[in-house]
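For reference, the structure discussed in these notes is given below.
The values are calculated or read from the model by the stated rules, or taken from the named source; none is laboratory data. These numbers were taken from a predicted model, which means no experiment stands behind them. Every residue, glycine as well, gets a Cβ built from its backbone with ideal geometry; the counts of neighbours run over all protein chains shown. Note: accessible area is taken over every heavy atom of the protein model, side chains too, but ligands, DNA and RNA are not part of it. Shrake-Rupley method; radii C 1.70, N 1.55, O 1.52, S 1.80 Å.
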Amino acid sequence: MNYYKNNIIHVRGDTFSSGLIVEGLGQDLESAYFTCRDSLNDNSEILFEKSLNNGISLVEYDEENDIRKYAIRVDPNDTKDLQSGTYYYDLEIGVNSDIFTIMKGKFIIEQDSSR
């Protein structure tokens, strides 16, 4: 499976929210992780990670069409102390004992102007 490459620009200390739509699985996701690291190195520090039922939640299920909508939420406290700069994230899901990275890219933190 190929992944979707998407760079995210985010203001430090703001809430980040995104959606994920999954169609035709016939079941809920077994796992989901939205992980942000300080570099592309596997041993780099994890700055924050959201997982199923801990920042990633099922918000709607259309049983007739087998469509599940999930919300991904990063709390303002997760980014408020990060320096402005470029970090790296991926979104990984698990279903039927398979793991798929479905999205990855740069997570760019910009300085807030209001606070």
Open item on the list: List the residue pairs whose Cβ atoms are under 6 Å apart, where the first residue sits in the range 11-23 and is under 17 Å from residue 58 (Cα atoms) and assigned to a strand (DSSP E or B), the second is charged (D, E, K, R) and open to solvent by 50 Å² or more (accessible area, probe 1.4 Å), and the two are 6 or more positions apart or on different chains.
Closed with: 17/73; 21/69
Task: Condition check for residue 92: open to solvent by 30 Å² or more (accessible area, probe 1.4 Å), within 13 Å of residue 20 (Cβ to Cβ) and acidic (Asp, Glu) - done: yes
Open item on the list: Can you find, within the range 1-25, the residue that is surrounded by the fewest Cβ atoms within 10 Å (Cβ to Cβ) among those that are of a type in the set (Val, Ile, Thr) and in contact with a helix residue (DSSP H, G or I) (Cβ under 9 Å, 6 or more places away or on another chain)?
Closed with: 15
TODO: Sort through 78, 28, 112 and tell me the only one that's of a type outside the set (Phe, Trp, Tyr), in contact (Cβ under 8 Å) with a residue 12 or more places away in the chain, open to solvent by 60 Å² or more (accessible area, probe 1.4 Å) and not in a strand (DSSP E or B).
DONE: 28
